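Visitor: For reference, the structure I am asking about is given below.
The values are calculated or read from the model by the stated rules, or taken from the named source; none is laboratory data. Everything quoted here is computed from the prediction, not taken from an experiment. Note: ideal-geometry Cβ built from the backbone for every residue, glycine included; neighbour counts use all protein chains shown. Note: accessible area is taken over every heavy atom of the protein model, side chains too, but ligands, DNA and RNA are not part of it. Shrake-Rupley method; radii C 1.70, N 1.55, O 1.52, S 1.80 Å.
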Amino acid sequence: MKVLVIGGGGREHAICWKLNQSPHVTQIFCAPGNAGIAEIATCVAIIPNDIQRLAELAIVQKIDLTIVGMDEPLSCGIVDYFKSKGLRIFGPTQNASKLEWSKYFAKEFMLRFNIPTAPYACFDRREFAVAYAKSQSPPIVVKADGLALGKGVTIAQSFEEAKTAIHDCFDGKFGNAGQKVVIEEFMKGQEVSIFAICDGADAAMLVSAQDYKRLNDGDTGPNTGGMGAYAPVPFATPELLGKIKEEIILPTLHGMKQEGNPYHGILYCGLMITEEGIPKVIEFNSRLGDPETQVVLPLLDEDLFEICWAVTEGALGKYKDGLHRLGGAALCVVIASEGYPYSYKKGIPIDFHKLNEPVEVVSGQNPKALESILKAKGIIFHSGTARDADGKLVSNSGRVLSVTALADSLIDAQVLAYKLCERIDFEGKIYRKDIGDKGMV
Ligand code: AMP
Ligand code: GLY
C-alpha cells in the first residue's frame, strides 16, 4: 500500500515513523515533509493547503490512503475534495472539522448536546464583547473563533488585559479567525489531551497525554505550539477515561451524526479535569496534537495503517474495547530556535555527532549500558529541519526537533530525553527543563 501523509512537523514525522513499521506499507509520501521525514518517505514540495495538487499527486502516484496530519487542509475541505475524486482519505470532512475551526460552533454544539464545558458568550461586535468582559471577574478567557496556530487564546488577569485581547482579535491579529470572539469562564484543574480515533459511530482511545503549551518552565511565558509532552498521564485512570468516553466522546459522535456530519478521523479532546474530578472540554481539534503524537504513537502497540484503514471503512469494531499499548512511559522535549514563538533565525546547523560519543561514567551505572539505552530508546523526530545547499542538516522553523525517550518509568524517560537534548549541538537551542514533572507529583 502507498500512503500519503499531509504535513511537515514532528507530528507528521511520528506518523510516518509509525506507518513505516507496518508490513502493509510499501511506500510513504509526505507533503511537504522535512529533512527527518525524508529519511523514511518521499517528500513532495506541495503546500498542505493546495488541495488540488495534493489530489493530483495521489492520483498520479496511485496512493491507496492519505492521512491528514494538520488542521488547515481539513478546514479547507481536503477530505470532501479527495472523496469527490474517489480517493481514500483519513480525517473529518470540512463540516465535521468545524468542531476545531470554529470555537463558537463547538461551544454551541456542546450546549445542544449537553457536553460539559465552561459557560461562555460569543460576540461579533467588539463593544459588546468589551462590555461583557467588564461584567466578568478575572481571570477572563478570551478566544479568537477560528484557527490561530494555538495562539488565539488569552487568559486575562484583569479587565484591561481582556480588553486588549478583544481589540487584538477584532483588529485582525489572527486574520479572519478573530472576527468572532468567545469569552468563557476560567476552569481550574489539570489538563489532559485525549485522542479518540472515530469511525462516525464508535471510538477507540489512544493513551492519555499531557502537553506543555507555555514557553518557559513552571508554565510561564507565552503560549506556543507545544514545548513538550509525556504519556501516560497518571491521573487519567481507567474510570476517568470511561467517563470521558461516555460523557464527552460518544455524545459528540452521536450529535455530529444526528446533525448530518458524521465524524471520521481523530477527535482531539483538550480537557480540564476540574478539582471535583469532572472532565470538561477546553477545546476540540480534528487531528492529532503536536507534540503529543511524538509520545502517543511510540507507545501504540498496533498497526497504525490498519487502524486508519478501518476508519475509512467505517469499521473500527475490532478496536472498540481498546488499543494495545506498550508498558512504560514516553516523554518528548521540543528543542526550539532562540526567539520562538516570536522571531527567530532559520538555517542554523544541527549536529548529532555527540549522540554517538560514550557517556560520562555515572556512579553505579555501566556507561556502555547507558549508551545502548540512549540509542535504543531515544527517537529524534524532526519538527522543522531542512538540508542546505551542501546537504547539511539545518533548522527551518521555530520548533526544530522533538526529542522522545521511552523507558519503564516516567522519571527514566525524562533523564534519557534530557541526556539526548544536551548532546544535540544547535546554536541558540532553547527547551524547557521541566517536561514530565507534572506527572511525577
Ligand atoms: P485552547 O487553544 O483552547 O486549547 O487554549 C489554550 C490553553 O489555554 C489551554 O490549553 C488552557 O491551558 C488554556 N485555557 C483555554 N480555555 C480555558 C478555560 N476556559 N479555563 C482555563 N484555561 C483555559
Ligand atoms: N499540542 C497542541 C496542539 O496540537 O494543538
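Visitor: Quickly run through region 205-226 and pick out the residues that are closer than 10 Å to Glu292 by Cα, assigned to a loop (DSSP other than H, G, I, E, B) and within 13 Å of ligand 1 (Cβ to nearest atom).
Guide: Residues satisfying the conditions are Tyr212, Gly226.
Visitor: Something else: Restricting region 275-293 to residues that are away from ligand 2 (no atom under 14 Å from the Cβ) and not in a strand (DSSP E or B), which is farthest from the chain's Cα centre (by Cα)?
Guide: Glu276
Visitor: Could I ask something else about it? Given Gly91, Gly33, which one is at positive phi and within 16 Å of ligand 2 (Cβ to nearest atom)?
Guide: Working: Gly33 fails: within 16 Å of ligand 2 (Cβ to nearest atom).
None of the other options fit; the residue is Gly91.
Visitor: Pairs please, first residue from region 198-222 and on the phi > 0 side of the Ramachandran plot and within 13 Å of ligand 2 (Cβ to nearest atom), second anywhere and open to solvent by 50 Å² or more (accessible area, probe 1.4 Å) and at pLDDT 95 or above, Cβ atoms under 6 Å, 6+ apart in sequence or on different chains.
Guide: Note: no pairs meet the criteria.
Visitor: May I pose another question? Starting from region 12-38, take each residue that is farther than 18 Å from Arg387 by Cβ and list its partners that are outside any helix (DSSP H, G or I) and at pLDDT below 95, counting only C-beta distances under 9 angstrom and pairs at least six apart or across chains.
Guide: Qualifying pairs under 9 Å: Ala14/Ile379; Trp17/Ile379.
Visitor: Determine which member of the set Ala330, Ala389, Ala336 is at pLDDT 95 or above and within 16 Å of Asn34 (Cβ to Cβ). I'd like the intermediate steps shown before the answer.
Guide: Values: Ala330 fails: within 16 Å of Asn34 (Cβ to Cβ); Ala389 fails: within 16 Å of Asn34 (Cβ to Cβ).
Selected residue: Ala336, the only one of Ala330, Ala389, Ala336 that is at pLDDT 95 or above and within 16 Å of Asn34 (Cβ to Cβ).
Visitor: Using the structure shown, decide if Leu316 is among the aliphatic types (A, V, I, L, M), at pLDDT below 95 and open to solvent by 50 Å² or more (accessible area, probe 1.4 Å). So that I can check it myself, show each step before the final result.
Guide: Working: among the aliphatic types (A, V, I, L, M): yes; at pLDDT below 95: yes; open to solvent by 50 Å² or more (accessible area, probe 1.4 Å): no.
Taking the combined requirement at face value, the residue does not satisfy it.
Visitor: Oh, and also: Which residue out of Met272, Met256 is under 21 Å from the mean Cα position of the chain (by Cα) and either among the aliphatic types (A, V, I, L, M) or more than 15 Å from ligand 2 (Cβ to nearest atom) (or both)? Can you show your working first?
Guide: Details: Met256 fails: under 21 Å from the mean Cα position of the chain (by Cα).
None of the others qualify; the one that does is Met272.
Visitor: Residues of region 393-406 being open to solvent by 10 Å² or more (accessible area, probe 1.4 Å), of a type outside the set (D, E, K, R) and not in a loop (DSSP other than H, G, I, E, B), which ones? Outline the logic, then answer.
Guide: The first filter runs over region 393-406 and keeps only residues open to solvent by 10 Å² or more (accessible area, probe 1.4 Å), leaving 393-394, 396-397, 399, 406.
Imposing the further condition that a residue be of a type outside the set (D, E, K, R) reduces the set to 393-394, 396-397, 406.
Leu393, Val394, Leu406 - these are the residues of region 393-406 that are open to solvent by 10 Å² or more (accessible area, probe 1.4 Å), of a type outside the set (D, E, K, R) and not in a loop (DSSP other than H, G, I, E, B).
Visitor: For region 310-331, indicate whether the set of residues that are within 14 Å of ligand 2 (Cβ to nearest atom) and of a type in the set (A, V, I, L, M, F, W, C) is non-empty. Spell out how you get there, then give the answer.
Guide: The initial filter retains those residues of region 310-331 that are within 14 Å of ligand 2 (Cβ to nearest atom), namely none.
No, region 310-331 contains no residue that is within 14 Å of ligand 2 (Cβ to nearest atom) and of a type in the set (A, V, I, L, M, F, W, C).
Visitor: Select from region 161-195 the residues that are of a type in the set (A, V, I, L, M) and either over 21 Å from the mean Cα position of the chain (by Cα) or in a loop (DSSP other than H, G, I, E, B) (or both) and list them in ascending order. Full working, then the answer.
Guide: Taking region 161-195 first, the residues of a type in the set (A, V, I, L, M) are 162, 165-166, 177, 181-183, 187, 192, 194.
Answer for region 161-195, where residues must be of a type in the set (A, V, I, L, M) and either over 21 Å from the mean Cα position of the chain (by Cα) or in a loop (DSSP other than H, G, I, E, B) (or both): Ala162, Ala165, Ile166, Val181, Val182, Ile183, Met187.
Visitor: Test of understanding: among Ser158, Ser135, which residue is without any contact (Cβ under 8 Å) to a residue 12 or more places away in the chain and open to solvent by 40 Å² or more (accessible area, probe 1.4 Å)?
Guide: Of the residues listed, the single one that is without any contact (Cβ under 8 Å) to a residue 12 or more places away in the chain and open to solvent by 40 Å² or more (accessible area, probe 1.4 Å) is Ser135.
Visitor: Restricting region 152-181 to residues that are β-branched (Val, Ile, Thr) and within 26 Å of Gly69 (Cα to Cα), which is farthest from ligand 1 (Cβ to nearest atom)?
Guide: Here is the first cut: in region 152-181, the ones β-branched (Val, Ile, Thr) are 153-155, 164, 166, 181.
Applying the additional criterion that residues be within 26 Å of Gly69 (Cα to Cα) yields 153-154.
Working: Val153: 4, Thr154: 8 Å.
Step by step, filter region 152-181, then rank; the result is Thr154.
Visitor: Among the residues of region 117-151, count how many are within 27 Å of Gly398 (Cα to Cα), assigned to a loop (DSSP other than H, G, I, E, B) and of a type in the set (A, V, I, L, M). Spell out the reasoning first.
Guide: Filtering region 117-151 for residues within 27 Å of Gly398 (Cα to Cα) gives 141-151.
Right, trim to assigned to a loop (DSSP other than H, G, I, E, B) and you get 145-151.
Cutting the leftovers down to of a type in the set (A, V, I, L, M) gives us 147-149.
Total meeting the criteria: 3.
Visitor: Related question: Suppose we keep only residues that are modelled with pLDDT of 95 or more and within 13 Å of ligand 1 (Cβ to nearest atom) within region 251-277. Which one would you say is surrounded by the most Cβ atoms within 10 Å (Cβ to Cβ)?
Guide: Checking each candidate, the answer is Leu271.
Visitor: Mind checking whether some residue in region 152-160 is assigned to a strand (DSSP E or B), among the small types (Gly, Ala, Ser) and within 30 Å of Gln294 (Cα to Cα)? Break it down into steps so the answer makes sense when it comes.
Guide: The initial filter retains those residues of region 152-160 that are assigned to a strand (DSSP E or B), namely 153-156.
Among the residues that remain, those that are also among the small types (Gly, Ala, Ser) are: 156.
Then keep just the ones that are within 30 Å of Gln294 (Cα to Cα); that gives none.
Checking region 152-160: not a single residue is assigned to a strand (DSSP E or B), among the small types (Gly, Ala, Ser) and within 30 Å of Gln294 (Cα to Cα).
Visitor: For a quick check of your reading of the model, give me the residue pairs whose first member lies in region 254-280 and is over 29 Å from Glu12 (Cβ atoms), whose second is among the polar types (S, T, N, Q) and in a loop (DSSP other than H, G, I, E, B), with beta-carbon atoms closer than 8 Å and at least 6 apart or on different chains.
Guide: Gly260/Asn95
Visitor: What number of residues within region 40-87 are small (Gly, Ala, Ser) and in contact (Cβ under 8 Å) with a residue 60 or more places away in the chain? Full working, then the answer.
Guide: Filtering region 40-87 down to residues small (Gly, Ala, Ser) leaves 41, 45, 55, 58, 69, 75, 77, 84, 86.
If we keep only those that are in contact (Cβ under 8 Å) with a residue 60 or more places away in the chain too, we end up with 69, 75.
Residues that pass the stated criteria total 2.
Visitor: Quick one: would you say Asp290 is farther than 21 Å from Glu184 by Cβ and either free of Cβ contacts under 8 Å to residues at least 60 places away in the same chain or surrounded by fewer than 16 Cβ atoms within 10 Å (Cβ to Cβ) (or both)? Please lay out each step first, then the result.
Guide: Numbers: farther than 21 Å from Glu184 by Cβ: yes; either free of Cβ contacts under 8 Å to residues at least 60 places away in the same chain or surrounded by fewer than 16 Cβ atoms within 10 Å (Cβ to Cβ) (or both): no.
No: the conditions fail for Asp290.
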